[in-house]
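Where a number appears in this text, it was derived from the coordinates with a stated rule and is not lab data. Nothing here was measured: the structure is a model prediction, and the numbers come from that model. Cβ placement follows ideal geometry from the backbone for every residue including glycine, while neighbour counts extend to all protein chains displayed.
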Amino acid sequence: MCNFLQEFGAMKEKLGTLEARLKDNENQILELKKPEKSTVIFSAATGGNGAIGPFSTDTTLIYKTVITNIGNAYSPSTGIFAAPVPGVYYFTFFYHAGGGHPYYRATSDACLSREDSGNTFQSTVIMTMVAILFYLESTKVIFSAISGGGDKAFGPFKTDVTLIYRNIVTNIGNAYSSSTDILRIVPSTAKSNVLFFAERTKVIFSAATGGGNGNIGPFNTDTTLIYRTVKTNIGYAYSQFTGIFIAPVKGVYYFSIFYHAGHQHGALLNLYKNNQKILMTHDQPSDSDRSDNGGNAVFLQLQRGDQVYVRLAARTYVWGTDYHTTFSGFLVTQM
C-alpha cells in the first residue's frame, strides 16, 4: 500500500509538470498569434531620371517610387517614416550622383551620412531607402555604430589596423565593445522561443563572384552574373551554378548587391524579380577615378517560385574575387 501511494504521488507530480509545460506551449502559441505583432517593412526609390538638386537649403528627400510598404508606415508624399509601434528598426539608404556638385549630409543630430566630392561626368540619380522592424522575441543582440572621430581621415597606417567604431547608435545585448571593436557572444538567461523558430522556414544566402582576381566582362550583351563562391546558403534557395535565387515560400525577402570595379569600361548591375527590373547600381568610366565601389538593397514581397538575380549590363564589368562583388539575401517574414 505504501509503495502504491509513493508511485501515485510520483505520477501526480509528473502529470503536474506536463500540465505546466503544456500551458507554457499554449501561451507561446497565443503570443505568436497576437494580431498586434505588426509587420513593418518598406523600400522606396526617388524615381525620375535626372538630377535632384542642388537646392539652396537642406531639403527632405522624398522617395516617390514605393517598391514595398507593408504596414504603410512610410509616406511617399512626405518622404517621412513614422514608427507605428515601439521597437528596434533597421534603416539603410544608397545614392548615385554625378556632375560637378558634391554630395554631403552630416549634421550634429544625424545618425548616418554619406558623402562624395564632385565629379566631371554626368549621370542619373538612383536612390533607395529600406527599413524593417525587428521583434525581440528571444535573445536580443542588435548593434549599430559609427566610426566617429570628427571630420577627419582615418589612416593611412603602416600595418593593418582594426577599425574601432566609437559612436554607438544601438547596442541591445551589449555584445559590441566600442573600446575593442569586437562582437562578443554573451550567454543569455532569456528563454528562447523554440516554437517561433521551428515554425518558420530559414532562408539565408550570401555569395561572391569568385573568378580569381580579375575582370568579369565586358560582354556584348546583358549577362546574368553568377556568384560562384558561396559563403552561406541556408535553405539552398540560391544556385551558384545559375546565379538565380528561387523563393521557396511566400514572404518578404531582403536582398543586397555590392560591386568593385575599375575605370576602363564602367560598371552597371541590375537586380531583377522574374523579368522586372527592381533596382540598379552603376558608375561611369573615368580616367580620373581609377576604382569604384557601389551597392544597393531592397525588400521584396515574393511568391513561391519567384526568381531574383543580377544582370551585368553589356559593355560593363566588375572585379571578380571571393571578397569584392557580392549578392546576399534572406527571408524576413513569411506571409
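Amide H contacts of Thr321 (H built 1.01 Å from N, in plane; Pro and chain starts excluded): Thr209, Gly210 sit under 5 Å, all sequence-distant by 5 or more or on other chains. Scalar couplings 3J(HN,Hα) for the stretch 82-94, obtained by applying the Karplus form with A = 6.51, B = -1.76, C = 1.60 to θ = phi - 60°, are 10, 4, x, 9, x, x, 9, 10, 10, 10, 8, 9, 10 Hz; x denotes Gly and Pro.
In sequence order, the stretch 59-76 has phi-based couplings of 9, 5, 7, 9, 8, 7, 8, 7, 9, 9, 8, 6, x, 6, 7, 9, 10, x Hz under the Karplus curve 6.51 cos²θ - 1.76 cosθ + 1.60, θ = phi - 60°, and Gly or Pro positions carry x. Each peptide among 80-87, 293-300, 69-76 gets the average number of other Cβ atoms lying within 10 Å of its residues, and from highest to lowest they stand as 293-300, 69-76, 80-87. Residues in the stretch 306-318 carry Karplus couplings, in order, of 4, 10, 10, 7, 10, 10, 8, 5, 4, 6, 10, 8, 9 Hz; the curve used is 6.51 cos²θ - 1.76 cosθ + 1.60 with θ = phi - 60°, and Gly or Pro positions show x. Placing unit charges on the Cβ atoms of the charged side chains and taking the dipole of the stretch 238-335 about its Cα centre, the candidate lying farthest along the positive direction among Gly294, Trp319, Gly243 is Gly243.
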